[in-house]
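**Student:** Sharing a structure, written as C-alpha cells. Questions coming.
Any read-out appearing in this document is the output of simple, stated calculations on the displayed coordinates, not a laboratory observation. Just so it is clear, the structure is predicted and the values come from calculations on it, not from any experiment. Here the Cβ positions follow ideal geometry from the backbone for every residue, glycine too, while neighbour counts run over all protein chains shown.
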2 protein chains.
Amino acid sequence: MSPINLAIVGVGKIARDQHLPSIEKNPDFKLIAAASRHGGVEGIAIFGSIDELLAAVPDIEAVSLCMPPQYRYEAAHKALSAGKHVFLEKPPGATLSEVEDLQAQAASRGLSLFASWHSRYAPAVEAARALLASTTIRSMKVTWKEDVRHWHPNQDWIWQAGGLGVFDPGINALSIVTHILPRPVFITAATLEFPENRDAPIAADIRFTDAAGLDLSAEFDWRQTGKQSWDIAAETDAGRMLLSEGGAKLALDGKLVHEEPEQEYPMLYRRFAELIGKGRSDVDLAPLRHVADAFMLGRRKVVEAFYD
Amino acid sequence: MSPINLAIVGVGKIARDQHLPSIEKNPDFKLIAAASRHGGVEGIAIFGSIDELLAAVPDIEAVSLCMPPQYRYEAAHKALSAGKHVFLEKPPGATLSEVEDLQAQAASRGLSLFASWHSRYAPAVEAARALLASTTIRSMKVTWKEDVRHWHPNQDWIWQAGGLGVFDPGINALSIVTHILPRPVFITAATLEFPENRDAPIAADIRFTDAAGLDLSAEFDWRQTGKQSWDIAAETDAGRMLLSEGGAKLALDGKLVHEEPEQEYPMLYRRFAELIGKGRSDVDLAPLRHVADAFMLGRRKVVEAFYD
C-alpha cells in the first residue's frame, strides 16, 4: 500500500517535539505539506493557512491538527469538507458540542476522525487496566502536579478562557483513568483555583464516584517545583497499585512490574493509519466531558496572581 | 391497560405546581406513593427517603425525580436498580457523565429513562421548528431575562456549585433552540457573571455558531425586574420570527401565527407513558452539554453580591 499523504497544521512545540519525529518514522504516512503561522518544516511546502494548504495541495489525504483547541473546529470542518481524514491533538476541541458535530460530519462523509489521547498509549497503561480488571478497587487517588513555567513557558493560550489551564495536563490523567477503570465514573464535587489575573485554573481538587460508590479523587496543580508528580495510585485487593511517571511505570506493593520504552506518539500514528485503513473513527469524549463537568459543578476559588 | 403505578420523589415547588396536577389528570398513571424530606401529598403514603419508599411499596413501576439535580443520580440509580422506569426533571443531573451512566444502566435493564425538557413542549415550539426548517436563518438572538427573587425565592440550591444559577432557566431556552434549529450549534465564546457571594452565575452572554457559520447569541439574566423576557428571535428569509413567552407564542413579521393553551407537563407525562409503552428511553443531553461547554469555555466576571 502506498503511504497516506499527510499534512500538519499548527507547527508549534508539540508538533516539533512529537508529531514530526513520529511521522518521519512511520512508513504508513508521507508528510507532504504543512500550514503554520510561525515556522516551517525543513523540506516541506509551507502555507499560511489551512485554506491555502487545501487549495494548493489536492493530494493531501489526511491532516493532523496541532493548533490550540480554540481554533481546531474550523480547521477540522474545512478538512472534513475537503474529504480529508483528521487527527485531532488533545483536547479534541474547545467544547464538547463542536466535537460531537465533527463526529457526525466525519460519519456522514465516510472519513476517519481520531480524537487522540496520547497518555492512553503510555507504556504501562494496558498492564494497569488488566490489573484493575482482575481485582476489586477500594480507592484511587490521582496526583498530577507539575511546574507550568517549565512545561508551558509563555504559552498564553492555555491561560485564556477555553485554554483549560491545569486541565491541559490534567486531561491526560483523566484519559488514563477513564481507560483503566472497569466502570464509568462521574464527578460529585470539585474546587477550581483561578489566579486573580487569569481566565483558566492553576489547580483543581476533584472528587469522583461510580455506581458502586468508588472513592476516587484527583489533585491537579501547576505550581509544583522540584519533583514532578504524574501518579495514579489505587488500593486494591491485589495490593497497592502505583501507575507513575504519567503511565510509564507500574508497581504493585512497591515492586516494579511493568516498564518499557515510551512510544506514545508513534503508537498514535499507528492507530491513525489503522483507523483510516478500516474506515473507522475513534472519538471518546469521556476525558473532555469530565473537564466540562468539573467546570460546571466545581466551586471557584480565586488565588494569587500568576506571572510567567 | 391498567395505569402505571407511579411514585414521586422530591415534593417541592415544581412537583406541586406541575407534576401532581398533570399526573392527576393522566389516566395512564396512578400516583401511589411519594418520598419527601419536607411535605406530604394528601391521600398518598409518604416516606422520608427513596430507600424506604422502594422497600415499602414494591408495586411502584415508575418514579418521577424532582429533587435538585445534585441529588438526582443516586435516586435514579436506586430506582433503576430496583427495576423502575425513571422520569428526570430538568436538568437531568449535576454532570453529563452521570447521566450518560444512567442511560447505560437503563438500557442494560430494559427500562425507560426520560430526561424531560418541558419547554420543548411549549405551545408554539413545533410551529417554530417547522418554520425554520422551511427557510434560511440569517441570525438568531435568545433573550431570557427574569427576576430570580420572584421565580426562585430562597431556593439556596440553585446558587450552590452545581445548581447552575441563571442556566436553570437558561437551559429551557437551550432546550428549545437545540430542538428548533436544523443543524447542531456550538459555543464559541461566553461571559458568565458570578455574584461575589455566590457559586453560580446570575447572568451569561453566549455566542454560538454552526458548521454553516450561523450568528446565534443568547443573553441570560436573573436581575430583570418589571417585564420578563423569554424570547427567541430570528431573522430569516421568510421574515422576522419571534417565539415569545417561553415558546407560547409565535409571530412572523409582528403578526401572531400560532398560540394555544400551555400543556407542557401534561405532554411530558403523555410522552413518559408512550416511552414506557414502547420500551424506549429519551435522553437528549444537548442542552446540558451547552451549559457545561459555557462553564468550560466561558470567561468569569465577578459582579456585586446578591441577596434574596
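**Student:** How big is the Rg/Rh ratio for segment B:146-205, C-alpha atoms only, Rh by Kirkwood, two decimals?
**Tutor:** Rg/Rh for segment B:146-205 comes to 1.02.
**Student:** With a ≥ b ≥ c taken as the square roots of the eigenvalues of the C-alpha gyration tensor of segment B:103-169, please select rounded if a/c is under 1.5 and otherwise prolate if a/b is larger than b/c or oblate if it is not?
**Tutor:** Verdict is oblate for segment B:103-169.
**Student:** With Cβ to Cβ distances under 9 Å as the rule, what net charge do the other residues near B:GLU98 carry (K, R +1; D, E -1)?
**Tutor:** Result for the local shell: -2.
**Student:** Return the distance in nm (one decimal) between the two label points of a simple spin-label model at A:GLN103 and B:ASP59, each offset 7 Å from Cα along Cα→Cβ.
**Tutor:** Calculated label separation equals 4.2 nm.
**Student:** Here's a follow-up. Using only the Cα atoms of the protein assembly as shown, what are the Rg and Dmax in Å?
**Tutor:** Taking only Cα atoms of the protein assembly as shown, I get Rg and Dmax of 25.3, 82 Å.
**Student:** Can you give the FRET efficiency for A:ASP147 and B:TYR307, using 1/(1 + (r/R0)^6), R0 = 51 Å, r = Cβ-Cβ distance, to the nearest 0.05?
**Tutor:** 0.80
**Student:** Based on alpha-carbon positions alone, could you give the equivalent ellipsoid semi-axes of chain A from the gyration tensor, as √(5λ), descending, whole Å?
**Tutor:** Result for chain A: semi-axes of 33, 23, 18 Å.
**Student:** Which whole-number percentage describes the relative contact order of chain A, with Cα contacts under 8 Å and a sequence gap of 6 or more?
**Tutor:** Reported relative contact order: 20 percent.
**Student:** What do you get for Rg/Rh over segment B:74-131 if you use C-alpha atoms and the Kirkwood form of Rh?
**Tutor:** Over the Cα atoms of segment B:74-131, Rg/Rh equals 1.10.
**Student:** B:THR135 label points, 7 Å along Cα→Cβ, one per copy: pairwise distances from this copy to the rest in nm, shortest first?
**Tutor:** Shortest to longest, the spacings are 6.4 nm.
**Student:** Any chance you could check the Cα centroid distance between segment A:262-308 and segment B:139-202 for me, in angstrom?
**Tutor:** 27 Å
**Student:** Can you work out the Karplus-derived ³J(HN,Hα) for every residue in segment A:146-154? Use 6.51 cos²θ - 1.76 cosθ + 1.60 with θ = phi - 60°, whole Hz, and x for glycine or proline.
**Tutor:** 9, 9, 4, 5, 7, 8, 9, x, 6
**Student:** Rounded to whole Hz and in sequence order, give me ³J(HN,Hα) for segment B:180-189 from the Karplus expression 6.51 cos²θ - 1.76 cosθ + 1.60, θ = phi - 60°, writing x for Gly and Pro.
**Tutor:** Here the 3J(HN,Hα) series is 8, 7, x, 10, x, 10, 8, 7, 10, 6 Hz.
**Student:** Put a point 7 Å out from Cα along the line to Cβ at B:ALA107; what are the distances to that point in the other copies, in nm, shortest first?
**Tutor:** 1.1
**Student:** On to the next question. How big, in percent, is the set of alpha carbon pairs in segment A:79-211 lying more than 27 Å apart?
**Tutor:** Roughly 33 percent, once rounded to a whole number.
**Student:** Another one. Mind checking the mean number of beta-carbon atoms from other chains within 10 Å of the Cβ atoms in A:227-239?
**Tutor:** Taking all residues of A:227-239 together, the mean is 0.
**Student:** Mind pulling the angle between the C-alpha long axis of helix A:96-109 and the longest principal axis of chain A? Nearest 10 degrees, somewhere in 0 to 90.
**Tutor:** Taking the Cα atoms of chain A, the angle to A:96-109 is about 40 degrees.
**Student:** Over the Cα atoms, compute the radius of gyration (one decimal) and Dmax (the largest Cα-Cα distance, rounded to a whole number) for segment B:4-115, in Å.
**Tutor:** Cα radius of gyration and Dmax of segment B:4-115 are 12.8, 37 Å respectively.
**Student:** Further question: What average number of partner chain Cβ atoms lie no more than 10 Å from the Cβ of the residues making up A:162-175?
**Tutor:** 1
**Student:** Still on this structure, I have one more. Mind checking the dipole of segment A:1-92: about its Cα centre, +1 per Lys or Arg Cβ, -1 per Asp or Glu Cβ, Debye to the nearest 20? Numbers along the way, then the final one.
**Tutor:** Working: 9 positive and 10 negative charges, 47 e Å.
Roughly 220 debye for segment A:1-92.
**Student:** Still on this structure: Compute the Cα gyration tensor for segment B:38-96, then decide on rounded, prolate or oblate, letting a ≥ b ≥ c be the square roots of its eigenvalues: rounded whenever a/c is under 1.5, prolate when a/b is larger than b/c in the other cases, and oblate in all that remain.
**Tutor:** oblate
**Student:** Once the other residues with Cβ under 12 Å from the Cβ of A:ILE50 are scored (Lys, Arg +1; Asp, Glu -1), what is the net sum? Let's see the in-between values first.
**Tutor:** Numbers: positive: A:ARG37, A:ARG72, A:LYS78, A:LYS84; negative: A:ASP51, A:GLU52, A:GLU74.
Net charge in that neighbourhood comes out at +1.
**Student:** Mind listing P(r) for segment B:156-308? All alpha-carbon pairs, 5 Å bins, whole percents.
**Tutor:** Spelled out per bin, shortest first, that is 2, 8, 15, 18, 18, 16, 13, 8, 2, 0, 0.
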